[in-house]
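Only one structure is covered here, and it is reproduced in the block below.
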Amino acid sequence: MVYQSLEDLDFRADERPALPRPDRVLLTTPTHFDVEYVINPHMSDNVGTVNRDIAFQQWKALRATYTALDVETSVVNGQSGLPDMVFCANQTLPYYRPEAEERGVILSRMHADERKDEVPYYADFFEQNGYEAKHLPDDLEGDFEGMGDAIWHPGRFLLWGGYGFRTSPAVYEAISDMLEVPVIILELTDADYYHLDTCFCPLDTEHVLIAPAAFTERGLFLINECFDTVIEAPDDEARHQFACNAHSPDGTHVLIQEGCEGTVERLRSEGFRPIELDTSEFLKAGGSVFCMKQMIW
Ligand code: ARG
């Protein structure tokens with residue numbers, strides 16, 4: 001079932017089956033990372049401005065942070081000619097179905113032609129590592145950008161789905177059927193927040209960090225209904241520093257772009273421990289921590 005308004009909701013988030021926390025992180029080397037084209041508003045003034053040495057240092061600091069938090073890392077090599085491949089949250093949706101104890105990935109259908117050739121590299125990685133890689137049904141039309149738009153509710157077998165810029169709402173019906181999971185869909189209306197992961201960061205079962213300007217009133221009602229505490233990032237920090245493209249691998253630490261002062265203060269006051277990282281080279285392409293990693297079971 002796909003849910004798009006509060007009136008539709010016929011379950012409570014805390015009644016959904018428990019979902020274990022994924023314990024591995026997939027990263028992609030930024031060897032060929034660059035801004036070569038413009039497919040989101042953040043990229044527009046940045047073509048040709050990436051410093052690859054700095055990008056590589058920033059990426060290594062991210063990898064070291066996961067290692068220090070005891071998250072096992074796997075690495076896929078970035079490929080020449082695919083400058084956005086480093087954003088490895090977008091080509092797949094990894095899943096774990098608690099009742100069936102089944103894991104796998106759903107492969108994306110990238111909206112931008114420039115990114116379509118990234119997907120087979122991830123299909124290969126997952127298949128070689130024993131995961132089933134499922135395709136969306138052939139007769140279904142529509143794009144899907146993986147965990148850029150589809151985000152698991154931490155600790156619950158419940159999926160949140162963003163649509164409007166990169167992903168078509170129709171694909172969530174198919175995903176809901178394929179995984180037998182309810183999907184709550186949220187319309188995105190502001191192009192700066194082109195993926196759900198730019199404006200919606202579930203930290204643990206009860207807490208979510210959001211950029212309210214990204215959502216419709218209907219969406220905000222759904223978010224408020226399903227999380228006990230909604231932490232709002234200041235809009236300038238979310239829009240320009242990707243404050244909501246953060247990631248909590250353990251429900252305590254929050255990896256976040258450095259300099260998001262208001263957000264960091266709000267996270268601390270809710271008991272979280274922010275770890276500030278510099279992802280400035282990647283912000284030039286419209287991405288930060290959340291989209292530079294993929295959590296897998
Ligand atoms: N330049 C990439 C794009 O526009 C950035 C992707 C960042 N990923 C994300 N999940 N927000 O597709």
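Read the figures in this text as sums done on the coordinates, not as results from a lab. These numbers were taken from a predicted model, which means no experiment stands behind them. Cβ sites come from the backbone with ideal geometry, for glycine too, and all protein chains shown count toward neighbours.
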Checklist entry - Tell me, what are the semi-axes, in whole angstrom and largest first, of the equivalent ellipsoid of the chain as set by the roots of 5 times the Cα gyration tensor eigenvalues? => result 25, 23, 19
Item to check | Spherically averaged projected area of segment 229-297 from its Cα convex hull (nm²) | outcome: 4.7
Checklist entry - Under the definition of Cα pairs under 8 Å and six or more residues apart, what whole-number percent is the relative contact order of the chain? => result 23
Next on the checklist: Helix-only mean residue ellipticity at 222 nm, the chain, DSSP H runs n ≥ 4 weighted -39,500 (n - 2.57), per residue, nearest 500. What is it?
Outcome noted: -6500 deg cm²/dmol
Item to check | In segment 1-86, the trypsin sites (Lys or Arg not before Pro) that fall in loop regions by DSSP, at most 15 other Cβ within 10 Å | outcome: 12
Checklist entry - Cα centroid distance between segment 23-75 and segment 216-249, in Å? => result 23
Item to check | DSSP beta bridge pairing in the chain, given as percent antiparallel to the nearest 5 | outcome: 45
Checklist entry - For segment 167-269, which trypsin sites (Lys or Arg not before Pro) are in a loop by DSSP, counting at most 12 other Cβ atoms within 10 Å? => result none
Checklist outcome for this item: Mean separation of Cα contacts under 8 Å (at least 6 apart) over the residue count of segment 59-164, i.e. the relative contact order in percent, is 24
Checklist entry - Tell me, what is the percent relative contact order of segment 1-102, built from C-alpha pairs under 8 Å that lie six or more residues apart? => result 38
Next on the checklist: With +1 on the Cβ of every Lys and Arg and -1 on the Cβ of every Asp and Glu, and nothing else charged, how large is the dipole of segment 43-159 about its Cα centre, in debye rounded to the nearest 20?
Outcome noted: 480
Checklist entry - With N residues in segment 65-138, what two-decimal value do you get for its Cα radius of gyration over 2.2 N^0.38 Å? => result 1.20
Checklist entry - Taking the Cα centre of the chain as origin and charging only Cβ (+1 Lys, Arg; -1 Asp, Glu), how large is the dipole, in debye to the nearest 20? => result 720
Next on the checklist: Taking the square root of 5 times each eigenvalue of the Cα gyration tensor, what semi-axes in Å does the equivalent ellipsoid of segment 171-297 have, largest first?
Outcome noted: 22, 16, 16
Next on the checklist: With viscosity set to 0.890 mPa s at 25 °C, what whole-number translational diffusion coefficient in µm²/s follows for segment 117-206 from Stokes-Einstein and a Kirkwood radius over Cα pairs?
Outcome noted: 174
Checklist entry - Residue farthest toward the positive end of the dipole of the chain, with Cβ of Lys/Arg at +1 and Asp/Glu at -1: which of 259, 110, 168? => result 259
Next on the checklist: If I build a Gaussian network model for the chain, linking alpha-carbon pairs within less than 10 angstrom, which residue out of 36, 99, 180 has the largest mean-square fluctuation?
Outcome noted: 99
